[in-house]
1. Only one of Leu188, Leu195 is buried (at least 20 other Cβ atoms within 10 Å of the Cβ), modelled with pLDDT of 95 or more and not in a strand (DSSP E or B); which?
2. Where in region 1-120 are the helices (runs of 4 or more DSSP H), entirely inside, with at least 2 residues that are farther than 22 Å from Ser183 by Cβ and touching a Lys or Arg at 6+ places or on another chain (Cβ under 7 Å)?
3. Of the residues that sit in region 157-174 and are touching a residue at least 40 places away in the same chain (Cβ under 8 Å) and not in a loop (DSSP other than H, G, I, E, B), which one is surrounded by the most Cβ atoms within 10 Å (Cβ to Cβ)?
4. Does region 24-38 hold any residues that are at pLDDT below 90 and surrounded by 14 or more Cβ atoms within 10 Å (Cβ to Cβ), and which are they?
5. Name every residue in region 130-150 that is assigned to a loop (DSSP other than H, G, I, E, B) and not aliphatic (A, V, I, L, M), in order of residue number.
6. Modelled with pLDDT of 90 or more and either in contact with a helix residue (DSSP H, G or I) (Cβ under 6 Å, 6 or more places away or on another chain) or over 23 Å from Trp209 (Cα atoms) (or both): is that true of Ala11 in this structure?
7. Out of region 112-128, which residues are at pLDDT 95 or above and among the hydrophobic types (A, V, I, L, M, F, W, C)?
8. Only one of Arg22, Arg26 is at negative phi and free of Cβ contacts under 8 Å to residues at least 24 places away in the same chain; which?
Amino acid sequence: MSPDSWPTLDAVEAALRRATERASRRPFVLGLCGAQGSGKSTLSDRLAARLRESGLTTAQLSIDDLYLTRAEREALAREVHPLFRTRGVPGTHDVALGLDLFATLDRSRPAPLPRFDKAADDRAPRERWQQADAGTQLLIFEGWCVGAHPQVADELVEPVNDLERDEDPAAIWRRYANDALASSYQQLFARIDLLVLLAAPSFDVVRSWRIEQEHDLRRKSDRGAAGLMTDERVGRFIQYYERLSRHILAEMPTRADLVLRLGEDRSLHAVESN
């Protein structure tokens with residue numbers, strides 16, 4: 001069973017419809033947070049399809065589609081820290097692009113929806129971007145760190161994995177990412193009207209989930225394995241996300257509007273509301 005199953009869809013839709021009945025501004029922004037491989041993109045697609053069928057004008061945006069271009073990340077790697085060459089943590093997104101999108105939709109105007117090509121590791125050409133309609137009623141904003149809060153400074157001192165220990169011993173990379181999250185990202189997340197967390201049972205399952213996700217991408221890609229990661233590379237890649245993912249699992253359940261507790265097979269174990 002996965003997060004696009006009926007119980008999960010029903011729980012999110014019910015919470016969303018209750019919240020939108022009380023809302024006065026449009027578009028209503030649903031924030032959907034979940035660790036890598038938790039099924040948030042699939043849930044977003046299924047939910048959007050269901051809501052469109054009911055007549056609600058719905059657009060979708062992944063925070064992954066706001067990643068900086070490869071050239072911009074290369075510059076960040078030279079100027080701040082080499083680990084910023086790899087997309088992932090706060091500091092590697094074009095937050096201004098997201099804020100502009102929200103502002104355009106808030107004016108009831110059509111807005112281009114950025115797209116990132118993960119196989120090419122670069123932003124897709126604008127001709128491949130989709131467009132949110134003028135008067136969009138709902139925007140589903142999903143991503144692994146959507147709605148996240150920064151850590152306090154003392155929590156950044158000790159490394160959480162080999163990547164941080166060996167390649168960020170002075171904590172330059174993780175402090176810069178945390179500072180970015182504490183500033184412009186909070187402006188972006190402030191636009192969220194309803195925050196939903198797909199809560200993994202622990203970070204330990206994320207590696208297997210992410211490997212499954214990569215295998216699925218390989219099956220669906222017309223390029224085969226080109227540009228996709230081996231299981232070993234996935235193990236390294238998720239270390240970029242580990243610190244903040246663990247922090248989210250620890251602190252977000254106390255404040256997310258809706259928490260969907262998942263089992264190791266991604267089945268829905270519990271629904272919690274705040």
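The values are calculated or read from the model by the stated rules, or taken from the named source; none is laboratory data. Computed from a predicted model, the values in this text were never measured in an experiment. Cβ atoms come from the backbone with ideal geometry, glycine included; neighbour counts cover every protein chain shown.
1. On the way: Leu195 fails: not in a strand (DSSP E or B).
Answer to the selection: Leu188.
2. Numbers: elements: 6-22, 40-53, 70-79, 95-106.
Correct list: 6-22.
3. Within region 157-174, the subset touching a residue at least 40 places away in the same chain (Cβ under 8 Å) is 160-164, 167-168, 172-174.
Imposing the further condition that a residue be not in a loop (DSSP other than H, G, I, E, B) reduces the set to 162-164, 167, 172-174.
Working: Asp162: 10, Leu163: 20, Glu164: 20, Glu167: 13, Ile172: 14, Trp173: 21, Arg174: 25.
Per the criteria, the residue is Arg174.
4. First, pick out the residues of region 24-38 that are at pLDDT below 90: 24-26, 36-37.
Those that are at pLDDT below 90 and surrounded by 14 or more Cβ atoms within 10 Å (Cβ to Cβ): Arg26, Gln36, Gly37.
5. Initial filter on region 130-150 (assigned to a loop (DSSP other than H, G, I, E, B)): 133-137, 144-150.
Within region 130-150, Asp133, Gly135, Thr136, Gln137, Trp144, Cys145, Gly147, His149, Pro150 qualify.
6. Details: modelled with pLDDT of 90 or more: yes; either in contact with a helix residue (DSSP H, G or I) (Cβ under 6 Å, 6 or more places away or on another chain) or over 23 Å from Trp209 (Cα atoms) (or both): no.
Taking the combined requirement at face value, the residue does not satisfy it.
7. Correct list: Leu113, Phe116, Ala124.
8. Numbers: Arg26 fails: free of Cβ contacts under 8 Å to residues at least 24 places away in the same chain.
Just a single option satisfies the conditions, and that option is Arg22.
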